[in-house]
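The values are calculated or read from the model by the stated rules, or taken from the named source; none is laboratory data. Only a predicted model underlies this, so the values are computations on that prediction, with no experimental measurement involved. Cβ: placed from backbone, ideal geometry, glycine included. Neighbour counts: every protein chain shown.
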Amino acid sequence: MFAIDPQDSLALNDAQLDIIQRAIALEPMPVDERIADRTYEATATNEAGRVRLRNFTDPKISRLTAYRFHRENMLNEHLFHIWPAEGFDFPALTTVIFEMPQVLILGADLLPIADVVFDRTYYGRWMLGYAEVLKKHWPALVEHRAGPEPAPDPYFTNQIGSTMSVLMYLKHTGLEPAKAFLLELTEHWTTLHAQAQPRTDADAAAVEARRVQLMTKAYKALDYHSPASDGLASVLGWTGANLMFDHVFGPDLEDQGLDHKRTYLEVEVSPGTFSAPRSH
């Protein structure tokens, strides 16, 4: 068993933010004080824990979220999530490390905004560098592997109904190799941001509709219907959990309030928006 450190000794979010801010002039977004940087004591209804969340934006970024969630003696979650801004279809970035007493879970993906089912050129335009990063770090990760990949789960589902492109159980000795991989992937993402240009072609409106649906409906609903929401609520209550989801994915298109578990229906993970090939 591995002791769950109440302090953020890994400092993964800080290191990822440093990488992004060296390359991009981020603008801070307001964060509700209930989840910005707060320790929660145990009560009759809630477990003890801690949360820290930061949000940023820039002309090419709808929202960047860095958050660490601590559930006393059970979990440290280190999440980093970046969504492209309106008019852009370069990949979103999501990375996560779960520290748990028995095992680590590492997850990472560059999430396509254009529909890769219809636009296979997306891989050639955006994913080759990702493959090089993964090839470099894969041997060190596999050395610390702790069995087969986690079973399919809403939290780890990407836009085409499969798990994240990197999803693995690791022994606790794999924490530093996992961090090294995510830092280099974050560095690589800054090059995609630098290359990205807004869509101006005939399919721009369709791709934009897909971006909004993925961010505010599909991914939000998938995560919400996973154990992630109940885990957050066990410490933060449903108000805090709902605030976390709104800060990561943006507010609901129709307000559902904060103080109860929400309902998300009609989730379309891959609606089939055609995306024409592009030159870069």
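Looking at D201, D230 in this structure, which one is modelled with pLDDT of 90 or more and more than 19 Å from T57 (Cβ to Cβ)?
Values: D201 fails: modelled with pLDDT of 90 or more.
Testing whether each residue is modelled with pLDDT of 90 or more and more than 19 Å from T57 (Cβ to Cβ) leaves just D230.
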### Task
List the number of the failed condition for E86; all other conditions in (1) crowded, with 19+ Cβ neighbours inside 10 Å; (2) charged (D, E, K, R); (3) touching a helix residue (DSSP H, G or I) at 6+ places or on another chain (Cβ under 7 Å); (4) under 18 Å from H247 (Cα atoms) hold.
(1)
### Summary
Only unsatisfied item for D153, checking (1) surrounded by fewer than 21 Cβ atoms within 10 Å (Cβ to Cβ); (2) over 21 Å from V51 (Cβ atoms); (3) modelled with pLDDT of 95 or more, is (3)
### Query
How many residues are in contact with a helix residue (DSSP H, G or I) (Cβ under 8 Å, 6 or more places away or on another chain) and either surrounded by 18 or more Cβ atoms within 10 Å (Cβ to Cβ) or of a type in the set (G, A, S) (or both) if we restrict to region 190-211?
4
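Does region 30-49 include one or more residues that are closer than 30 Å to V207 by Cβ and aliphatic (A, V, I, L, M)? Even if it seems obvious, please write down each step before you answer.
Kept after step one, since they are closer than 30 Å to V207 by Cβ, are these residues of region 30-49: 30-31.
The next check asks that each one be aliphatic (A, V, I, L, M); those that pass are 31.
Looking for residues that are closer than 30 Å to V207 by Cβ and aliphatic (A, V, I, L, M), one finds at least one in region 30-49, hence yes.
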### Summary
The correct count of residues that are out of contact with any strand residue (DSSP E or B) (no Cβ under 8 Å at 6 or more places or on another chain) and without any contact (Cβ under 8 Å) to a residue 60 or more places away in the chain in region 124-138 is 9
### Pair list, Cβ under 6 Å, 6 or more apart: region 32-56 residue under 26 Å from Q21 (Cβ atoms), other residue buried (at least 16 other Cβ atoms within 10 Å of the Cβ) and polar (S, T, N, Q)
N55/T65
### Summary
For D8, the lone unmet condition from (1) more than 17 Å from the chain's Cα centre (by Cα); (2) modelled with pLDDT of 95 or more is (2)
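Quick one: which of A218, A228, A202 is assigned to a loop (DSSP other than H, G, I, E, B) and in contact (Cβ under 8 Å) with a residue 40 or more places away in the chain?
Details: A218 fails: assigned to a loop (DSSP other than H, G, I, E, B); A228 fails: assigned to a loop (DSSP other than H, G, I, E, B).
Selected residue: A202, the only one of A218, A228, A202 that is assigned to a loop (DSSP other than H, G, I, E, B) and in contact (Cβ under 8 Å) with a residue 40 or more places away in the chain.
Answer yes or no as to whether H193 is touching a strand residue (DSSP E or B) at 6+ places or on another chain (Cβ under 9 Å), part of a helix (DSSP H, G or I) and without any contact (Cβ under 8 Å) to a residue 60 or more places away in the chain. Give the derivation first.
Numbers: touching a strand residue (DSSP E or B) at 6+ places or on another chain (Cβ under 9 Å): yes; part of a helix (DSSP H, G or I): yes; without any contact (Cβ under 8 Å) to a residue 60 or more places away in the chain: no.
So H193 fails the test.
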### Message
Return the residues of region 90-110 that are closer than 21 Å to L17 by Cβ and either surrounded by fewer than 20 Cβ atoms within 10 Å (Cβ to Cβ) or in contact with a Cys (Cβ under 9 Å, 6 or more places away or on another chain) (or both); say none if nothing qualifies.
### Response
none
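Being assigned to a strand (DSSP E or B) and farther than 19 Å from H188 by Cα, is that true of even one residue in region 80-91? Step through it out loud before you land on a result.
From region 80-91, those assigned to a strand (DSSP E or B) are 80-84; that's our starting set.
So of that shortlist, the ones also farther than 19 Å from H188 by Cα come out as none.
No: zero hits.
Restricting attention to region 119-133, and to residues there that are exposed (fewer than 13 other Cβ atoms within 10 Å of the Cβ) and hydrophobic (A, V, I, L, M, F, W, C), which single residue is nearest to F181 (Cα to Cα)?
So the first thing to find is which residues in region 119-133 are exposed (fewer than 13 other Cβ atoms within 10 Å of the Cβ), and the list is 120, 124, 128, 131-132.
In the following step, the residues that additionally are hydrophobic (A, V, I, L, M, F, W, C) were identified as 128, 131.
Values: L128: 16, A131: 12 Å.
If we take residues in region 119-133 being exposed (fewer than 13 other Cβ atoms within 10 Å of the Cβ) and hydrophobic (A, V, I, L, M, F, W, C), then A131 is nearest to F181 (Cα to Cα).
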### Task
Scan region 100-120 residue by residue and report those that are part of a loop (DSSP other than H, G, I, E, B), out of contact with any Phe, Trp or Tyr (no Cβ under 6 Å at 6 or more places or on another chain) and at pLDDT 75 or above.
M100, Q102, I113
### Task
Find all pairs meeting these conditions: Cβ atoms under 9 angstrom apart; at least six residues apart or on different chains; first residue within region 139-153 and in contact (Cβ under 8 Å) with a residue 12 or more places away in the chain; second residue of a type in the set (V, I, T) and part of a loop (DSSP other than H, G, I, E, B).
A146/V103; G147/V103
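Among the residues of region 3-14, which ones are in contact (Cβ under 8 Å) with a residue 60 or more places away in the chain and surrounded by fewer than 14 Cβ atoms within 10 Å (Cβ to Cβ)? I'd like the intermediate steps shown before the answer.
Pass one, region 3-14, residues in contact (Cβ under 8 Å) with a residue 60 or more places away in the chain: 3-6, 8, 10, 12-13.
Scanning region 3-14 gives A3, D5.
Considering only residues that are of a type in the set (V, I, T) and closer than 17 Å to P6 by Cβ, which ones fall in region 75-107?
Our first condition is that a residue be of a type in the set (V, I, T); within region 75-107, this holds for 82, 94-97, 103, 105.
Passing the criteria: only I97.
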### Message
Would you confirm whether or not region 8-15 contains a residue that is over 30 Å from E208 (Cβ atoms) and among the polar types (S, T, N, Q)?
### Response
yes
